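Heads up: the structure comes next, in structure tokens.
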Amino acid sequence: EALVDLFGGPEELELDEGEELEDEELRELSVRAATFALRISRTFIDLEVPDQAVSWARGLIQLAPDEADVWHLLAEAHFRAGETVASVHAGVRALRLDHRDGSPPWAPPAGDLHQLVRELLAACPDPRIRQTVAEQPFIVLIHEAPALELVLEGVDGRSPALSLSAGGRRGGHALTGIAIYRRNVARLCRGPEDFETELRLALFGELANALALDEDARERLGLPPSMNTVGGREPNA
């Protein structure tokens, strides 16, 4: 039924009248349909047609209701469509499903990861980041993923890093630290050899955004152009 709802009718499945699929054939067809729907929804997001992306993602939910990737895609589609509450609710579902799987065994332990972050900050080629970290106590937190309450506030549950700041009585904000999400960094990697590279990009990218570094500074850090420059935005950011 989910396949029919998604593709509009049994004729799209090219089944002969009375033909029944074996379990293995049905599983294979479901995977193919889900992959196709995932790509279509992502394409609509990239084309900035979020309403269509939401429609395809909802159809995909029928095929794979317990897949975190599907709920995360739906969260992004809702976000791009300006449907904040729906985006947050889908993001919470994705986070809860993500919790079923821990970090891969090759991800550095929290203590080692904390030390690695400190080393990267100390050797950062950008003087403004080094100064920010050195001027005041700068806290580095290591967690698996953002807390549920942060996702309810609109933070992407798959963010690899999140800058932390505090507002003063006279206005303005000062950076007080950064949270690194171990499982989410590992998610970006093809294997253990990629972990430090992805960590570096996440760490410096988050701090560059928080400090509003210009494009030249981002380039020196090995970062891609800012989302403002390319005309996009990360979901739930």
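Taken one residue at a time, the phi angles of the stretch 198-214 give Karplus couplings (6.51, -1.76, 1.60, θ = phi - 60°) of 5, 5, 4, 5, 5, 5, 6, x, 5, 5, 4, 5, 5, 8, 6, 5, 6 Hz. Gly and Pro are set to x.
What the phi angles of the stretch 93-106 give under the Karplus curve with 6.51, -1.76 and 1.60, with θ = phi - 60°, is a coupling list of 4, 4, 4, 5, 5, 4, 5, 5, 10, x, 5, x, x, 7 Hz, glycine and proline written as x. For residue 161, the residues 5 or more places off, or on other chains, whose built amide H falls under 5 Å of its own are 181. Overall, the ratio between the Cα radius of gyration of the stretch 25-117 and 2.2 N^0.38 Å, rounded to two decimals, is 1.29.
In terms of its alpha-carbon gyration tensor, the stretch 113-202 comes out oblate; a/c meets the 1.5 threshold, while b/c is at least as large as a/b. Eigen-decomposition of the gyration tensor built on the alpha-carbon atoms of the stretch 35-178 gives equivalent ellipsoid semi-axes of 34, 19, 14 angstrom, largest listed first. Measuring nothing but protein heavy atoms, the accessible surface of the stretch 46-167 at 1.4 Å probe radius is 53 percent carbon and sulfur. Counting 0.36 nm for each residue step from residue 119 to residue 214 and taking away their Cα separation leaves a gain of 31.8 nm.
The values are calculated or read from the model by the stated rules, or taken from the named source; none is laboratory data. Bear in mind the structure is a predicted one, so any value in this text is a computation, not a measurement. Just the protein is used for accessible areas: all its heavy atoms, side chains included, with ligands, DNA and RNA removed. Shrake-Rupley method; radii C 1.70, N 1.55, O 1.52, S 1.80 Å.
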